[in-house]
Amino acid sequence: MNSIKKNFLYNSVLTISGYLFPLITYPYVSRVLGVSNIGICNFVDSIINYFTLFSMMGISAVGMRVISQSRDDRKEMSRHFTGLLVLNLITTTLAIVALLVSMYTIEKLFPYRDLLYIGVCKLFFNFFLIEWFYAGVEDFKYITKRSLLVRSLFVVAVFVFIRDADDYKTYYLLSAFIYLLNGIINIFYCRKYVDLTISGIRIKPYVATFLTIGFYMLITNIYTSLNVTWLGFATNDEEVGYYTTATKLYTIILAMFTALTNVVYPRVTYLYSKGMKDEFWEKIQTVVEVVFAVSLPIVIVLMVFSPDLIHLLAGDGYEGAYTPFRIIAPLVLIVGYEQVLVIQILMATKHDRQITINSIFGATVSILMNLVLISRFGAIGTAIVWVCTELTIAILSLKDIHKFTPYRFPALLFLKNILFYIPLLLVLLAFREFMALPGIISLSIAGVLTFLYSLYIQTRWLKNPIILQTLDSIYRRLSTHIKK
């Protein structure tokens, strides 16, 4: 069993590369394709993502939970894996049929059929990814290496094949090719751990949890991917382009917390299932401290330097993304902490019913606010809806956790972090206001200042044990290396 630190490192690289590699190409693509064609691609992809969620349902959570619990027995793990694969094949087939029907019955989708056909292929290839399996066996080293290779090929292909605004279909086709290549490699490599067999297949034991958690995922996506779809129907491709550009950098940063969540979830599930409650809560406390320490300075930088970041990312013509970007910046903190509550506590302790109920409340808030705000305020309204919905889910989840577990919100720790980062906010505001420097230089200086200030505060005043342990580990390794 690999250490959490190594798994976190591998999964951080894996998750971030999923956003970082597109970020390398996005400044180029956004300038070549333009805001309208970027909006078209993102509108279609938001539709495909929702059907992908329907095809996957709760396979990621169920798969990681079941595989992590049975990984000591190859025969049992093979039986679980095959059953889950068959169940996922059924839902994927249903999702593809539903997508094809939608393409020919919803008039708004008629102009996008060429891209939607590519999306059908992307949806099918997604079935073969089985990332939930590798998360369950904690083989993040393999999937990190594989993903880096495939994504590097994607970056090269983008710069080779995307030349003018009419190449937006080629751009979307390349994104589908990533799913194909990753899926083929994954299916062949999984035979290292499991034996694929059709004998004794059972899917019934997984259906209830699969649907329950899947329903949560689907409802949750009403205020993430479906917001983009709703925005496309209610406004125009330009507003979609502004909003998706505003969310691009946010998703890269949130990937850090997702990486930590995906690594810790199999481990805390294992600890809880074995009755090791003290170790379970220690891991939860560790992750919460990391979330607070990292997210707050990031939120400050995003809000202060949003115009510089958007301009660096997409260039001219995306000024409409500045305000939505500032609005969604606090989601780094809100969603980072929410993932701990929902995935690592409620899901790991099998309180799936509470997750579903909370997601319904969140979806209701999202739908009502969308009806009022999106048609009037466009991308800004969508950003407001997203923040309010995620905050609702986090509060409801914390309320449920108070009922069923001894965990309590670390209010004192949170307040200390807030107070200590107020001086940083004031300094960065003054720096941007009075220092007329080019965007990349200004961002670089702000990044260094934020890092040094955060390091000082977390080690000198807040005494963050995780950061102190990490620095001590780095110091000892450097000392050993120098002595050699």
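Quick notes on this one:
- When the range 386-436 is filtered for residues that are within 22 Å of residue 348 (Cβ to Cβ), without any contact (Cβ under 8 Å) to a residue 60 or more places away in the chain and among the charged types (D, E, K, R), the ones remaining, listed by number, are 399, 400, 403, 408.
- Helices (runs of 4 or more DSSP H) (entirely within the range 266-343) containing at least 3 residues that are touching a Pro at 6+ places or on another chain (Cβ under 9 Å) and not aromatic (Phe, Trp, Tyr): 277-304, 306-314
- Taking the listed residues 174, 231, 218, 149, the one that is in a helix (DSSP H, G or I), without any contact (Cβ under 8 Å) to a residue 24 or more places away in the chain and surrounded by 18 or more Cβ atoms within 10 Å (Cβ to Cβ) is 174, with no other qualifying.
- Of all residues assigned to the range 249-260, none qualifies as being at pLDDT 85 or above and β-branched (Val, Ile, Thr).
- Subset of the range 82-117 [polar (S, T, N, Q) and farther than 30 Å from residue 209 by Cα]: 105
- Looking only at the range 92-140, and only at residues there that are of a type in the set (Val, Ile, Thr) and in a helix (DSSP H, G or I), the one that is farthest from residue 192 (Cα to Cα): 105
The values are calculated or read from the model by the stated rules, or taken from the named source; none is laboratory data. This is a predicted model, so every value here is computed, not measured. Every residue, glycine among them, receives a Cβ derived from its backbone with ideal geometry; neighbour counts consider all protein chains shown.
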